[in-house]
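Asker: This is the structure I want to talk about, given as structure tokens.
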Amino acid sequence: MAEWSPSSWTQKPIKQDVIYEDLAGLKDSLQKLQKLPPLVTTREITNLKSSLRNVALGKAFVLQGGDCAELFDYCNQDMIEAKVKLLLQMSLVLIWGANKPVIRIARIAGQFAKPRSSPTETINGVEMPSFRGDNINGFAADPQSRQPDPSRLVSAYFHSAATLNYLRASLSSGLADLHSPLDWGLGHVITPSIKEQYAKTVNAVKDALRFMRTVGIDKDRGVETADIFTSHEGLSLEYEQSLTRHLRHPATAETGYYATSSHFLWIGDRTRQLDGAHVEFFRGIANPVGIKIGPSMAPDELVRLLDVVNPDREIGKVTLISRYGAAKIADFLPAHIGAVQASGHIPVWQCDPMHGNTQSTPSGVKTRHFTDILSELKQALEIHRAAGSFLGGMHLELTGEAVTECVGGAAGLTEDGLGERYTTFCDPRLNEKQALELAFLVAGFYRE
Ligand code: PEP
Ligand code: MN
């Protein structure tokens, strides 16, 4: 295979490319980024990698979640805390359910860039470039603000840094401390059977926590503090290249190229072409990486992709994030698992039950149904079990806010109610109650 460098991707065909007119501005921004310090360290990255090895081997579970598209405006205390608390709470439920350590990865501190199905859109009769994410162009519906602005790449770095700073500070100051009371409420649960099951599960988790407090084992690290790793789609390769550094492995002293914009990067379903720029960039970085796979992925192509991205076959280096849709998973996942098993690769298998289940309401609002999300997760678990494989985790779009974007859940959100607090700039997210309920139900599958 040809020599790799942080810029070798520029020699390959690229999808979802951003065309900057302000080339001088782009050069300035990238030079600035190259001088700024890494946002994460090699120790953190390699810690995550070894945790994901355990996930691949069935010894741990990974919960990954956050916004579809983060905005610079989301960089504020309340929204960061709400998301962190939700992920922590969900992970507690999953630890109890799956009886395994849970690795938490947030889609945060850099999840700005978005792949789009069309480069342009027409709003109020005016054709303009599509919104590509806060690190690329502005959301305001006018052609001027939709022009790619390279200074946004530097802004993305500083918003990531501020978010990460508060994330780290709040975790080390005890946000994850189980001594502070947690709100386990699900709001207005309308189905009596769900209400009863939920109450039983909440009591079981509370009992376990009480027991730990009584015997004093909650003082160990892991209960008072917790790790949350960061992640985003590695879509803007100019940005990722500028933050890729040649560094020493913290334990072995071996050197390698680390993407230091976040701990974990993934390749989206639209940019995972075997001979494309994104795969080229990803094959050279030492971080653990994700690859989204859907119905358009052929089993032999999947194995070739693993060979390219992970030629040394490191266990858990690659997380396969499957996103077929509840109606299609049974047609595609078994063959994907079979091909990967036959190849000898041992990836983390993660289910993204969001992206294959997006639909539009008759009035044109993008939504997802809670029952479809749950169904894809349940099927994933069962298909992996039947194949002698492990469902290692789930990948969700969620927010700590009380939004109304996905239909269903115990509170019975209907299509008519979607207009109430529909605030996403991209895909519909589970709200805090729906996300927590999902964690309980998935924990329940493990306890069945
Ligand atoms: C996403 O995770 O927001 C996304 C765009 O996913 P996918 O690449 O699977 O469509
Ligand atoms: Mn999305």
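Asker: Counting DSSP beta bridges with both partners in the chain, what percentage is antiparallel, nearest 5? Don't jump to the answer; show the numbers that get you there.
Answerer: On the way: 14 of 48 bridges.
Percent antiparallel among DSSP bridges in the chain is about 30.
Asker: Ok, one more. Considering amide H positions built from the backbone, and no H for Pro or chain starts, which residues 5 or more places from residue 147, or on another chain, come under 5 Å of its amide H?
Answerer: It is 138, by chain and number.
Asker: Between residue 47 and residue 99, what FRET efficiency follows from the Cβ-Cβ distance if R0 is 25 Å, with the result rounded to 0.05? Please report the intermediate quantities before stating the final value.
Answerer: Values: r = 22 Å, r/R0 = 0.88.
Computed FRET efficiency for residue 47 and residue 99: 0.70.
Asker: Next up: In region 1-52, which chymotrypsin sites (Phe, Trp or Tyr not before Pro) fall in coil by DSSP and have 14 or fewer other Cβ atoms within 10 Å? Show your work: numbers first, answer last.
Answerer: Details: sites: 4, 9, 20; in loops: 4, 20.
Answer in residue order: 4.
Asker: Right, next: Any idea how far the Cα center of region 386-448 sits from the one of region 1-75, in Å?
Answerer: That distance is 26 Å.
Asker: Show the residues, 5+ positions off or on another chain, whose built amide H is closer than 5 Å to the amide H of residue 430.
Answerer: 397, 398, 399
Asker: Quick check: from the Cα gyration tensor, does the chain come out rounded (a/c under 1.5), prolate or oblate? Provide the component values of the computation, followed by the final result.
Answerer: Working: a/c = 1.38, a/b = 1.23, b/c = 1.12.
Rounded.
Asker: Could you work out the helix-only [θ] at 222 nm for the chain, with each DSSP H run of four or more residues adding -39,500 (n - 2.57) and the total divided by the number of residues, to the nearest 500 deg cm²/dmol?
Answerer: Numbers: 11 runs with 169 residues, N = 448.
Helices in the chain give a 222 nm mean residue ellipticity of -12500 deg cm²/dmol.
Asker: Right, next: Using only Cα atoms, figure out Rg for region 36-191 and give it as a multiple of 2.2 N^0.38 Å. It would help to have the intermediate numbers written out before the result.
Answerer: On the way: Rg = 18.9 Å, N = 156, 2.2 N^0.38 = 15.0 Å.
Taking the Cα Rg and dividing by 2.2 N^0.38 Å, one obtains 1.26.
Asker: Now a separate question. Using Cα pairs under 8 angstrom and six or more residues apart, how large is the relative contact order of the chain, in percent? Could the numbers behind the result be given before it?
Answerer: Details: 852 pairs, mean separation 98.3, N = 448.
In percent, rounded to a whole number, it is 22.
Asker: Taking the DSSP beta bridges in region 324-448 as the whole, what percent of them are antiparallel, to the nearest 5?
Answerer: On the way: 4 of 8 bridges.
Taking every DSSP beta bridge within region 324-448, about 50 percent pair in antiparallel fashion.
Asker: What order do you get for 122, 404 when you list them from fewest to most C-beta neighbours inside 10 Å? If you can, show how the numbers build up before the last one.
Answerer: Working: 122 9, 404 20.
Taking fewest neighbouring Cβ atoms as first place, the list is 122, 404.
Asker: Shifting gears a bit: Return the sequence-ordered ³J(HN,Hα) values of region 257-263 in whole Hz as given by the Karplus equation 6.51 cos²θ - 1.76 cosθ + 1.60 applied to θ = phi - 60°, using x for Gly and Pro.
Answerer: Going residue by residue, I get 9, 10, 6, 9, 7, 6, 6 Hz, with x marking Gly and Pro.
Asker: Sticking with this structure for a sec: Nearest-5 percent of antiparallel DSSP beta bridges in region 212-354? Kindly include the intermediate steps, with their values, before the conclusion.
Answerer: Details: 5 of 21 bridges.
Antiparallel bridges: around 25 percent, rounded to the nearest 5.
Asker: Right, another one. Sort 103-111, 39-47, 127-135 by the packing proxy (mean of other Cβ within 10 Å over each peptide's residues), most packed first.
Answerer: Details: 103-111: 27.6, 39-47: 18.8, 127-135: 20.7.
Result, highest mean Cβ count within 10 Å first: 103-111, 127-135, 39-47.
Asker: Which cross-chain or sequence-distant (5 or more) residues have an amide H under 5 Å from the amide H of residue 108, H modelled 1.01 Å from N in plane?
Answerer: Long-range HN contacts for residue 108: 231.
Asker: What are the DSSP H helices in the chain that stretch 27 Å or more along their long axis, judged by alpha-carbon atoms, and whose average Kyte-Doolittle hydropathy comes to at least -1.0?
Answerer: On the way: long enough: 77-98 (31 Å, 0.90); 151-172 (32 Å, 0.29); 192-215 (34 Å, -0.37).
Membrane-span-like by this rule: 77-98, 151-172, 192-215.
Asker: Which ordering of 351, 75 is given by a fewest-first count of other beta-carbon atoms within 10 Å?
Answerer: 75, 351
Asker: Rounded to the nearest 20 Debye, what is the dipole magnitude of the chain about its Cα centre when Lys and Arg each give +1 and Asp and Glu each give -1 at the C-beta?
Answerer: Working: 46 positive and 51 negative charges, 244 e Å.
I would put it at about 1160 debye.
Asker: Evaluate the distance, in nm, between pseudo-label points positioned 7 Å from the Cα of residue 7 and of residue 121 along their respective Cα→Cβ axes.
Answerer: 3.4
Asker: Next up: Using the Karplus curve 6.51 cos²θ - 1.76 cosθ + 1.60 with θ = phi - 60°, work out ³J(HN,Hα) for each residue of region 276-285 in order, rounded to whole Hz, and write x for Gly and Pro.
Answerer: Working through the residues one at a time gives x, 5, 5, 5, 4, 4, 5, 5, x, 9 Hz.
Asker: Separate question: Of the peptides 417-425, 65-73, 309-317, how do they stack up when ordered by the mean number of other Cβ atoms within 10 Å, highest first? Don't skip to the answer; put the middle values down first.
Answerer: Working: 417-425: 13.9, 65-73: 22.0, 309-317: 16.9.
Packing proxy ranking, top to bottom: 65-73, 309-317, 417-425.
Asker: Which residue, 246, 278, 159, has the most motion in a Gaussian network model of the chain that connects Cα atoms within less than 10 Å?
Answerer: Taking springs between Cα atoms under 10 Å, the residue moving most is 246.
Rule-based calculations on the coordinates, nothing more; no lab input. Fair warning: this is a prediction, and the values are worked out from it, not measured in the lab. Ideal geometry is used to build each Cβ from the backbone, glycine not excepted, and the neighbour counts take in all protein chains shown.
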